[in-house]
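Novice: First the structure, then my questions, so here it is.
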Amino acid sequence: MIKQSRTGARNRGAFFYLLFDRRLMAALLLMAFQVQQPSQAGTPLDDYLSQAMSNNPALAQANFEVEAERQRLENLRARFYPSLALQARASVAEGGRTIDFPAGDLLNPVYATLNAQAVAAGQPPRFPTVENQSIPLLRPTEQDTRLIVRGPIYEPVLDQQLQAQTQAVGAQEAAQLQVKEELVRDLHTAYWQYAQAKARITILEASLRTLKENERINTVLYKAGETTLDAPKRAEAETLEIQVALRQAQTQALLAKEYFNLLRYAPNDSAVELPQEELNPSAIQTLLDELTPKTQGNTPAPALTRLERSLAAQRAQLDASRATYKPTLGYSIEGGYQGRDYNTGPNTGFASASVVLNWTLADAGIRSSEVARSQAQVRALEARARQVNRQLQLAKLQARENLLVSLDSIQARMAQQAASEESLRINERKRDAGETTQVEFLSAEQSATRARLGLVTAVYQARIDHAVWQYNNRNIPEPSPQEGAQP
C-alpha cells in the first residue's frame, strides 16, 4: 500500500515536471529581471525630452507670455522718447452762428448828411449807402495741417511703472522656467510609470501561462480521478486573479504611454522606446548609488522666484500709485499751415511750443483708494510668499524621505526575492522527487512572482521618486520672522 502511494507520488512528480519545465522557469526568471536603465546621455528619454521642449503647447504658451511681457516693457520704455504725429483737418461748413454788425445803421445817416452838403455845394454825392454786415463764425471751407512733437519732461508715475514691468518680466520668466521643470519632472514620471507597467505585464504574462497550464493539468487529473474538485477550482481562481492583475497593468501602461505622448505632443499611440538591462545585484547596487540623494540643491525654486519678482513688481506699482500725487511736466511743439484752402503763402504757416504742467489737486479720494488697494495687494503677496516658502520646504523634505524609503524598499524586495527564489528551487527539487504537494509548489511559485513584481515596482518607484526629488531639491531660504507671528 505504501509502495503504491510512493509510486503514484513519483508519477505525479514527473507529471508536474512537464508543467514546470526548467526551460520555462528559466524564461520566467529572465523576463522578471528585465528592467530599464537610468536616463543617461544618449538614451531615448533624452530624445523625448528634446521633443517635448520643442513641441509641448504649455511650454510654448509660457514662451509667448514672456514675449508679451517683454513687449509691454518696451512699450513703457518708448514713452520716455518724444512722439511725432501728423494731424490734418479739412472741413466744409454752412450756416451756424453769425456776428451781426450794424454798419449801415451807423454810417448811412452820416453819409446822407455829407452827400446833401456836397449836392448843395454843387458837387456830386461821394458816399455810398452801406449795408448792415453779418459775419459767419464758420468758414465755408477750412484746412488745418500740422506736425506735433510731444514728450515727457518729468513723469514720476512712468518711472515706477517701468520698474514694476521689469520685475513682471522676471516673474514671467520664472513662471516659464517652472513650466519647463515641471514638464521634465512629469516626463520622467510618465516614462518610468510606463516602464513599470510594461515590466509588470511581462512578469504577469509569464505567470498567466504557467497558471493556465496548471489549470489544464488539474482538470485532466480531476477527470482521471487522481485529485479532488477543489484543485481545478483553485487553479481557475488563481488564473482569474492573475488575469485581473494583468488587465490592470495593461491599463496602467496604456494611460502612462498616452500621457507621455501628450507631454511630448506626439500622435496618439506613438511608440515609446524603453531601454532594458538585466537586473542583478551588481546593477541594483549601481542603481542605488546613482539614486541616493547626496547633495543639497543650490538653485532657487522657480515658484518662489516668481513670487519674489511679483512682490517686487507690486511694490513698484505701489510707488507708482503714490507718485500720482506729484505733478507731471511735458512739452509740445506744433507747426503747420492753416487757411481756407491748401495754398501756401504769407500768413498761412504757424509754429508754437508749449510746456504743459498737470497737477491734480483733488479727486475725491480716487488716488488714495488706489494706494490702499496696492498696499493690500503687497501684503497679500507677502503672505503668499511665506506660505509658498513653507510648502516648498515641506515638499523638499517629503521628496527626500520618499526617495530614501523607496531605496530601502528596493533592498527589502531584493531580500524577499532571494528568499522566494530559494524556496522555489527547493520546491522544484521536492516536486521532481515527488516529495511535495501541488499546493505547496504553486504557493512557492506565486510567492516568487509576487517578489519579482515587488522588486520591479520598487525599482521604478525609486526612479519616479528620484525625478520628484530632483525637482524639489532647491535652495529654499528660511522665511524671516514676521511681526505679530505666533511661535
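Novice: Take the Cα atoms of the chain, build their convex hull, and give its volume per residue in Å³.
Specialist: Details: hull volume 144.3 nm³, N = 487.
It is 296 Å³ per residue.
Novice: Dipole size in debye (nearest 20) for segment 308-436 around its Cα centre, Lys and Arg Cβ +1, Asp and Glu Cβ -1?
Specialist: Value, rounded to 20: 380 debye.
Novice: Give the calculated FRET efficiency between A93 and V356 to the nearest 0.05, with a Förster radius of 35 Å applied to their Cβ-Cβ distance.
Specialist: About 0.75, to the nearest 0.05.
Novice: Return the subset of K257/K396; K198/K257; K294/K396 for which the Cα-Cα distance in this structure is over 18 Å, preserving the input order.
Specialist: Too far apart for the 18 Å limit: K257/K396.
Novice: With r defined as the distance between the Cβ atoms of Y325 and S83 and R0 fixed at 30 Å, what FRET efficiency is calculated, to the nearest 0.05?
Specialist: On the way: r = 26 Å, r/R0 = 0.85.
Efficiency for this residue pair is about 0.70.
Novice: Which whole-angstrom value gives the distance between the alpha carbon centres of segment 102-145 and segment 391-410?
Specialist: When both Cα centres are located, 106 Å separates them.
Novice: On to the next question. On the accessible surface of segment 375-469, probed at 1.4 Å, how many percent belong to carbon and sulfur atoms?
Specialist: Carbon with sulfur: 52 percent of the solvent-accessible area.
Novice: Could you pull out which residues in segment 444-468 have an amide N less than 19 Å from a spot 7 Å beyond the Cα of A418, following the Cα-Cβ vector?
Specialist: 447-459, by backbone N distance to the label point.
Novice: Then there's this: Restrict the search to segment 284-382; then list the trypsin sites (Lys or Arg not before Pro) that DSSP places in a loop and that have at most 11 other Cβ atoms within 10 Å of their Cβ.
Specialist: K294, R340
Novice: At a Cα cut-off below 17 Å, give the aspartates and glutamates reachable from K212, other chains included and same-chain residues fewer than 8 away excluded.
Specialist: Once the sequence-local aspartates and glutamates are set aside, what remains near K212 is D21, D230, E236, E238, E241, E445.
Novice: Turning to a different aspect of this structure: What net charge is computed for the residues neighbouring E273, neighbours being all others with C-beta under 13 Å from the C-beta of E273, Lys and Arg scored +1, Asp and Glu -1?
Specialist: +1
Novice: Hey, what angle do you get for helix 2-19 against the long axis of the chain, alpha-carbon based, 0 to 90 degrees rounded to 10?
Specialist: 30
Novice: Shifting gears a bit: Given the options P346, W469, P124, identify the residue whose Cα lies farthest towards the positive end of the charge dipole of the chain (+1 on Cβ of Lys, Arg; -1 on Cβ of Asp, Glu).
Specialist: Positive-most Cα among the choices belongs to W469.
Novice: Just the number, please: carbon plus sulfur as a percent of the accessible area of segment 290-360, 1.4 Å probe, no ligands or DNA/RNA counted.
Specialist: Carbon with sulfur: 53 percent of the solvent-accessible area.
Novice: Once the Cα atoms of helix 103-120 and of the chain are each reduced to a long axis, what angle between those two axes, in degrees from 0 to 90 to the nearest 10, is obtained?
Specialist: Helix 103-120 and the main axis of the chain meet at about 20 degrees.
Novice: Just from its helices, what would the mean residue ellipticity at 222 nm be for the chain, if runs of 4 or more DSSP H residues each count -39500 (n - 2.57) and the sum is divided by every residue, rounded to the nearest 500 deg cm²/dmol? Kindly include the intermediate steps, with their values, before the conclusion.
Specialist: Details: 11 runs with 319 residues, N = 487.
For the chain, the value works out to -23500 deg cm²/dmol.
Novice: Given a 1.4 Å probe, how much area per residue of the chain is accessible, in Å²?
Specialist: 59
Novice: Over segment 177-273, what percent of the accessible surface lies on carbon and sulfur atoms, probe 1.4 Å?
Specialist: So the carbon and sulfur contribution to the accessible surface is 54 percent.
Novice: Grab the other residues whose beta carbon is less than 14 angstrom from that of N389, score K and R as +1, D and E as -1, and report the net.
Specialist: That works out to +3.
Novice: Could you work out how much longer the chain between I153 and S270 gets when fully extended? Use 0.36 nm per residue separation minus the Cα distance between them, nm to one decimal.
Specialist: So the extension gain works out to 36.0 nm.
Novice: As I understand it, the value is the acute angle between the Cα axis of helix 366-433 and the longest principal axis of the Cα atoms of the chain; what does it come to in degrees, rounded to 10?
Specialist: Around 20 degrees separate the two axes.
The values are calculated or read from the model by the stated rules, or taken from the named source; none is laboratory data. For clarity, every value in this text was computed on a predicted model and none was experimentally measured. Backbone-built Cβ (ideal geometry, glycine too); neighbour counts: all protein chains shown. Remember, those area values only see protein heavy atoms, side chains included, never the ligands or the DNA or RNA. Shrake-Rupley method; radii C 1.70, N 1.55, O 1.52, S 1.80 Å.
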